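J.: Below you will find the structure I want to go over with you.
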Amino acid sequence: KRIIFMKRRNFIRNSASAGIGFSLLGIYSCKEAKKTEKDDEPVEENVIASATPFFKISLAQWSIHNMINSDGVDPYTFAEKAKNWGFEGLEYVSQLYDKELEAANYSKEAMQSFVDKCNAEAEKHGLKNLLIMIDGQGDLATSDPEERKKAVENHYKWVDAAASMGCHAIRVNLAGSSDPVEWKANSIDGLSMLSAYAKTKNINILVENHGGLSSNAAMLSEVMTSVNMPNCGTLPDFGNFCIKRKDPKDYAAGCAENYDIYQGVEELMVHAKAVSAKSHNFDANGNETVIDYVRMLQIVKDAGYTGYIGVEYEGRELSEEEGIIATRDLLLRASKEIT
């Protein structure tokens, strides 16, 4: 350990601009001696010996959704930012491009422009396109057969885009009915139809635990087993296990029914083709205040997973940049503590 004198924000900003290479340089975690706004604030710096983790690290674009939606940041700077923060892979979010795509009615020309711009930026910065998270394209688990079929077809253009970008998957949602029997049957049907199309493009269809019955990991696993297609799997998220909210219209009201997050990730890892490291807040030691990252990574490793783990910061105490870096560093530091 050694003591350096630097504001916490400045330390995080300097780490970001340096574009730390994870496998070559040490991983830094900050522990504040005292939270102040003084420039000579003492920060403890623990330098952890360099070691290659069992996974690669990617950035979920949702981590910068406030920059894009509120601050006017160009979503096509995603690759540049991810590169500067030391990431290797890119996880796009479809709704962050909706403004331009909806204006063009998702025409072939507009979708091709999206693909070309994303490809150019990823190539320019030497990053790998991994997946696209799809929202707002219809309910794949609705009880209305015609609406379900329409939702499946609405996802085709994103399957095509993912294939043209060299991605391996798109992430979809299963909202649907609150009745378990209906939800399961509808989910199996919608996923089977979409996965059949995606198979022709060599694209995986991944379902995230993303609220409602999709956050009941046991039920989602049953759906995967029933679909039984090699290109249909899960994207376990460390934090999205709220099955029922106190007030569906008021997200801030909190959760009325939670699924156990560790049991949930373990059950979903059986079918996982991607993993999302969700984070919100951090304590003085740089640990997530709710999620035990060491325990989570042990579950992921024990499942035999060696792919990308995507950082997805959704907190409010830190800026998006600071939260992304804090999550990145926590992930890599925690990877040194598992067996």
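J.: For the list (1) touching a His at 6+ places or on another chain (Cβ under 6 Å); (2) part of a loop (DSSP other than H, G, I, E, B), I need the number of the one condition that THR234 fails.
T.: (2)
J.: While we're looking at this one, here's another question. Considering each of SER50, SER113 in turn, give the residue that is modelled with pLDDT of 95 or more and among the hydroxyl-bearing types (Ser, Thr, Tyr). Reasoning before the result, please.
T.: Details: SER50 fails: modelled with pLDDT of 95 or more.
From the options SER50, SER113, the qualifying one is SER113.
J.: Out of the residues in the stretch 190-222 meeting the condition of being within 15 Å of ASP237 (Cα to Cα) and aliphatic (A, V, I, L, M), tell me which one is surrounded by the most Cβ atoms within 10 Å (Cβ to Cβ).
T.: The residue in question is LEU220.
J.: Just the residues that are acidic (Asp, Glu) and either within 23 Å of ILE309 (Cβ to Cβ) or in contact (Cβ under 8 Å) with a residue 40 or more places away in the chain (or both), please, taken from the stretch 193-224.
T.: Within the stretch 193-224, just GLU208 meets the criteria.
J.: Kindly list, by first and then second residue, each pair from a residue in the stretch 248-265 that is farther than 15 Å from ASN209 by Cα and free of Cβ contacts under 8 Å to residues at least 60 places away in the same chain to a residue that is of a type in the set (Asp, Glu) and exposed (fewer than 11 other Cβ atoms within 10 Å of the Cβ), limited to pairs with Cβ atoms under 6 Å and residues at least 6 apart or on different chains.
T.: ALA253/ASP247
J.: Count, please, the residues in the stretch 295-339 that happen to be aromatic (Phe, Trp, Tyr) and open to solvent by 30 Å² or more (accessible area, probe 1.4 Å). Step through it out loud before you land on a result.
T.: Step one: filter the stretch 295-339 for residues aromatic (Phe, Trp, Tyr), giving 305, 308, 313.
Filter once more, keeping what is open to solvent by 30 Å² or more (accessible area, probe 1.4 Å): 308.
Number satisfying all stated conditions: 1.
J.: Quick one: in the stretch 80-104, which of the residues that are in contact with a strand residue (DSSP E or B) (Cβ under 7 Å, 6 or more places away or on another chain) and over 19 Å from ASP329 (Cα atoms) is surrounded by the fewest Cβ atoms within 10 Å (Cβ to Cβ)?
T.: Here the answer is SER94.
J.: Still on this structure, I have one more. Within the stretch 122-149, count every residue that is within 13 Å of ALA79 (Cβ to Cβ), open to solvent by 50 Å² or more (accessible area, probe 1.4 Å) and touching a residue at least 24 places away in the same chain (Cβ under 8 Å).
T.: Residues in the stretch 122-149 being within 13 Å of ALA79 (Cβ to Cβ), open to solvent by 50 Å² or more (accessible area, probe 1.4 Å) and touching a residue at least 24 places away in the same chain (Cβ under 8 Å): 3 in total.
J.: Anything in the stretch 291-331 that is within 18 Å of MET67 (Cα to Cα) and assigned to a strand (DSSP E or B)? List them, or say none.
T.: Listed by number, the residues that qualify are VAL311, GLU312, TYR313.
J.: Follow-up. Just to verify a result, which residue in the stretch 165-189, among those that are within 22 Å of VAL275 (Cα to Cα) and over 21 Å from the mean Cα position of the chain (by Cα), is surrounded by the most Cβ atoms within 10 Å (Cβ to Cβ)?
T.: Per the criteria, the residue is SER187.
The values are calculated or read from the model by the stated rules, or taken from the named source; none is laboratory data. As the structure is a prediction and not an experimental result, all values here were calculated from the model. Cβ atoms come from the backbone with ideal geometry, glycine included; neighbour counts cover every protein chain shown. Quick note on the areas: whole protein, heavy atoms, side chains included, nothing else; ligands and nucleic acids left out. Shrake-Rupley method; radii C 1.70, N 1.55, O 1.52, S 1.80 Å.
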